[in-house]
Ligand SMILES: Cc1cc2nc3c(=O)[nH]c(=O)nc-3n(C[C@H](O)[C@H](O)[C@H](O)COP(=O)(O)O)c2cc1C
């Protein structure tokens, strides 16, 4: 944890993801104190994934490394979230929000931000992608995007995925496996992913007639069917 933070560039904001499984290793207050001391700016708490991860494809190829989740996951409630938030001055961002109702509850309990995520589909096959969740939120309660910071990850592969999520009101997106796979080529691989994405986002923005990415809004996208979104051009 400390090593990662030491590697951060000046001004780079780093968050620490935690699962309740970490409780097996150390008491929560100690864990939170370590995260605070190391200089992280937020804690990202995984609130779903109560069961074992499924990781379907790797299970067919690799030895079974599944671990039973801590049974305390079943006690993950909104009240428990409030207790956790009271233990640290750092904002605790809820990761794994998949419905408009849970996004509304997050606002109600005063969460600073939420992460729409299905963990890249590794936890529960068939769970909605962040694009589908963001679209559901936009249709049913678009003010959510104004009331709370909404981030998203899972299946973001192209610049156009980034743009569609931002158009719906998501503030920032995350990518998992593209960076993991690129890391096989070390710094060069990571730089390549960043430059590809940068180019894709820039050219999608230009083709949409945007001069500043901050001007993107929902008028730039429309539904093709209930679960697919296309650009308006
Ligand atoms: C090997 C691997 C391990 C992961 N471990 C965790 C984890 O411990 N906790 C968590 O919240 N998400 C975990 N994730 C999910 C990522 O944080 C992220 O949500 C996901 O990879 C985003 O989807 P993408 O890979 O399609 O971009 C893991 C993902 C991968 C590929």
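Computed from the coordinates by the stated procedures, all read-outs in this text should not be read as laboratory data. Because the structure is predicted, anything quoted here is derived from the model rather than measured. No Cβ is skipped: glycine too gets one built from the backbone with ideal geometry, and neighbour counts run over all protein chains shown.
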(request) Starting from one equal scatterer on each C-alpha and no solvent at all, send me the Debye-based log10 I(q)/I(0) for the stretch 85-146 at q = 0.26 Å⁻¹, two decimals. (result) -1.09
(request) Would you calculate the volume per residue, in Å³, of the smallest convex hull containing every Cα atom of the chain? (result) 149 Å³
(request) Counting other beta carbons within 10 Å of each Cβ, put 187, 202 in order, fewest first. (result) 187, 202
(message) Need one number: the % of Cα-Cα pairs in the stretch 123-184 sitting beyond the 13 Å mark.
(response) 63 percent
(message) Can you order the peptides 210-219, 121-130 by their average number of other Cβ atoms within 10 Å per residue, highest first?
(response) 121-130, 210-219
(message) Test of understanding: ordering 161, 79 by Cβ neighbours within 10 Å, fewest first, what list do you get?
(response) 79, 161
(request) Counting other beta carbons within 10 Å of each Cβ, put 145, 115 in order, fewest first. (result) 145, 115
(message) Can you give me the Kirkwood hydrodynamic radius for the stretch 149-230, using every pair of distinct Cα atoms, in Å to one decimal?
(response) 13.5 Å
